[in-house]
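Participant: Encoded as structure tokens, here's the structure I'll be asking about.
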Amino acid sequence: MQITEITSQIGGELAQVDALIERRLHSGLPLVMELGGHVTGGGKRLRPALVLLSALAGGGVRRGHLELAAGIEFIHAATLLHDDVVDDSPLRRGRRTARDIWGNAASVLVGDFLYSRAFQMICEIGHAGLPAALSRATNVIAEGEVRQLVNLRRADTGEDEYLRVIGCKTAALFEVACRGGAMVAGAGGEALECAAGYGLNTGLAFQLVDDLLDYTGAGTGKTRGQDLREGKPTLPFIHALAHCGPRDARALRAAFGGDDDGGLDTALAVFNAAGSLDYTRARARHYAARARQCLAPLAASPGKAALEALAGFVVEREH
């Protein structure tokens with residue numbers, strides 16, 4: 001099932017979110033609108049969809065959900081701008097990055113604009129709990145990015161530390177998208193925690209598959225093996241290093257953080273021999289199953305069914 005099929009029941013609302021994103025990007029500075037439009041244009045709109053589907057499962061979509069969904073997308077876009085500066089990335093999903101077109105300074109500053117505009121929009125919704133929830137989430141995301149930086153080129157990073165990193169830098173925004181969607185819909189207590197737990201586990205599954213596709217993806221627009229070249233210890237590498245022999249371990253360490261395409265071929269051979277790619281997909285399926293379990297206490301509804309399908313899409317996607 002494709003993402004458009006899963007989100008068909010909120011297609012009209014997602015179109016409104018797109019229009020709202022374009023409108024709230026407005027600034028007296030053309031650079032803000034050009035660069036901001038570049039980073040927010042296109043994409044799956046997965047995080048806004050999580051806001052809206054959580055709203056459907058928790059009581060229904062309201063006007064505030066559109067503002068929240070657009071604000072969440074602005075936060076996501078800001079993290080991408082900052083990530084590409086930190087990583088010195090020329091491409092993202094096959095397109096030139098903003099930092100490659102406009103430079104690092106403009107990317108950082110427009111990222112700051114997007115963060116501040118997101119919080120402006122969230123405060124305007126008028127829900128007392130939202131600013132605190134989003135503030136906590138963005139703080140956790142920033143901590144995750146610092147954790148990833150600290151672990152850069154550390155081949156001895158373990159699986160537990162890796163899961164802490166992706167739990168912060170990726171899953172925290174999924175979690176608050178779902179929590180916020182349910183919150184604005186009027187859900188509370190167990191229903192609110194069900195939505196949050198679903199978001200957290202779906203976010204973990206999503207990042208695990210993203211890191212898997214870094215090595216296996218075809219048609220993703222990404223340069224295969226970029227994580228290996230940059231020295232980012234993701235689960236395929238971590239698992240293989242822990243489950244291969246000394247000779248293969250030396251070869252993996254030599255390839256880690258190097259620009260040699262032969263190093264990628266060597267790494268893929270070791271990953272396949274150790275079952276590391278299959279292991280990574282299995283771990284993603286584990287978290288997707290946990291996400292669906294979190295939804296079990298919720299009453300049956302089209303929103304709940306779509307969230308269950310979305311957890312499956314996140315794991316089985318090939319791009």
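The values are calculated or read from the model by the stated rules, or taken from the named source; none is laboratory data. Being a predicted model, the structure only gives us computed values, none of them experimental. Note: ideal-geometry Cβ built from the backbone for every residue, glycine included; neighbour counts use all protein chains shown.
Participant: Checking the conditions here, which among Gly197, Gly167, Gly180, Gly144 is within 18 Å of the chain's Cα centre (by Cα), within 22 Å of Arg47 (Cα to Cα) and buried (at least 24 other Cβ atoms within 10 Å of the Cβ)?
Facilitator: Gly180
Participant: So which of Phe206, Phe237, Phe256, Phe271 ends up being within 17 Å of Thr170 (Cα to Cα) and of a type in the set (Phe, Trp, Tyr)?
Facilitator: Just one listed residue meets the conditions, Phe206.
Participant: When the residues of segment 273-318 are narrowed to those that are over 24 Å from Cys194 (Cβ atoms) and surrounded by fewer than 13 Cβ atoms within 10 Å (Cβ to Cβ), which ends up nearest to the chain's Cα centre (by Cα)?
Facilitator: Of everything passing the filter in segment 273-318, Glu318 is nearest to the chain's Cα centre (by Cα).
Participant: Next question. Based on what the data block shows, is Asp259 acidic (Asp, Glu) and surrounded by 15 or more Cβ atoms within 10 Å (Cβ to Cβ)?
Facilitator: For Asp259, the condition - acidic (Asp, Glu) and surrounded by 15 or more Cβ atoms within 10 Å (Cβ to Cβ) - is not met.
Participant: Checking Pro233 against (1) under 22 Å from Leu46 (Cα atoms); (2) touching a residue at least 12 places away in the same chain (Cβ under 8 Å), which test does it fail?
Facilitator: (1)
Participant: Give the residues of segment 205-253 that are under 16 Å from Ala269 (Cα atoms), at pLDDT 95 or above and of a type in the set (Gly, Ala, Ser), sorted by residue number.
Facilitator: Answer for segment 205-253, where residues must be under 16 Å from Ala269 (Cα atoms), at pLDDT 95 or above and of a type in the set (Gly, Ala, Ser): Ala240, Ala242, Gly245, Ala249, Ala251.
Participant: Which one of these does Gly60 not meet: (1) under 28 Å from Ala128 (Cβ atoms); (2) assigned to a helix (DSSP H, G or I)?
Facilitator: Unmet condition: (2).
Participant: If Thr157 passes every condition in (1) touching a residue at least 24 places away in the same chain (Cβ under 8 Å); (2) closer than 27 Å to Cys294 by Cα; (3) surrounded by fewer than 24 Cβ atoms within 10 Å (Cβ to Cβ) but one, which one does it miss?
Facilitator: (2)
Listed here are the residues, each with its yes/no results for (1) under 30 Å from Leu50 (Cβ atoms); (2) of a type outside the set (Ser, Thr, Tyr); (3) surrounded by fewer than 21 Cβ atoms within 10 Å (Cβ to Cβ).
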{"position": "Val184", "(1), (2), (3)": "yes, yes, no"}
{"position": "Val209", "(1), (2), (3)": "yes, yes, no"}
{"position": "Thr216", "(1), (2), (3)": "yes, no, yes"}
{"position": "Glu230", "(1), (2), (3)": "yes, yes, yes"}
{"position": "Pro233", "(1), (2), (3)": "yes, yes, no"}
{"position": "His239", "(1), (2), (3)": "yes, yes, no"}
{"position": "Ala242", "(1), (2), (3)": "no, yes, yes"}
{"position": "Arg247", "(1), (2), (3)": "no, yes, yes"}
{"position": "Asp265", "(1), (2), (3)": "no, yes, yes"}
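Participant: Then there's this: Step by step: first the residues of segment 58-89, then only those that are in contact with a Ser or Thr (Cβ under 6 Å, 6 or more places away or on another chain) and at pLDDT 95 or above, then the one that is surrounded by the fewest Cβ atoms within 10 Å (Cβ to Cβ). Which residue is that?
Facilitator: The selected residue is Val85.
Participant: While we're on this one: Just one of (1) exposed (fewer than 14 other Cβ atoms within 10 Å of the Cβ); (2) closer than 22 Å to Cys123 by Cβ; (3) of a type in the set (Asp, Glu) trips up Glu22, so point out which.
Facilitator: Here Glu22 meets the rest and fails (1).
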